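In what follows, a single structure is set out as structure tokens and then discussed.
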Amino acid sequence: MADIAIKDWVRAVTLADIPEGQAMAVELNGKRIAIFHVEGGEVYATDDGCTHGAASLSGGFLDGCSIECPLHAGCFDVRTGEGLCDPIEEPVQTYSVLIKEGDVFVQV
Ligand code: FES
């Protein structure tokens, strides 16, 4: 990606600060965003708030590309935001992610 385009993205975190299989929440442009570093090295971003209730998805259990909410065990696919099981009825918002020179940028 050309340097000019990086202006449209917000730097979220250094990738090395999130081990594979873990997540981290960051505040970007007034939104709380969860960054997921899945096994295998891919990185995804969603709203941190669960669509079912007041829980932080970054505090959940990441299994492959599925994040399990820590409050009622609802699961989302972090790639698409799709709810994978009850009690999830609405998808979670996803955001495009760019890795550049070891930093994670999110299009918020
Ligand atoms: S708050 Fe996330 S599943 Fe209920």
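The values are calculated or read from the model by the stated rules, or taken from the named source; none is laboratory data. Treat the numbers as computed from the prediction; the structure is a model and nothing was measured. Methodologically, a virtual Cβ is constructed for each residue, glycine included, from the backbone with ideal geometry; neighbour enumeration extends over all protein chains shown. Please note that ligands, DNA and RNA were not included when accessible areas were found on the heavy atoms of the full protein model with its side chains. Shrake-Rupley method; radii C 1.70, N 1.55, O 1.52, S 1.80 Å.
List of remarks:
- Here segment 50-64 is the region considered, the condition is being assigned to a strand (DSSP E or B) and without any contact (Cβ under 8 Å) to a residue 40 or more places away in the chain, and the residue that is least open to solvent (accessible area, probe 1.4 Å) is SER56.
- The set of residues in segment 71-95 that are under 17 Å from ILE33 (Cβ atoms) and within 12 Å of the ligand (Cβ to nearest atom) comprises PHE76, VAL92.
- The number of residues in segment 21-48 that are open to solvent by less than 40 Å² (accessible area, probe 1.4 Å) and closer than 15 Å to VAL92 by Cα comes to 8.
- Considering segment 65-108, and only residues there that are more than 13 Å from the chain's Cα centre (by Cα) and on the phi > 0 side of the Ramachandran plot, the residue that is most open to solvent (accessible area, probe 1.4 Å) turns out to be GLU101.
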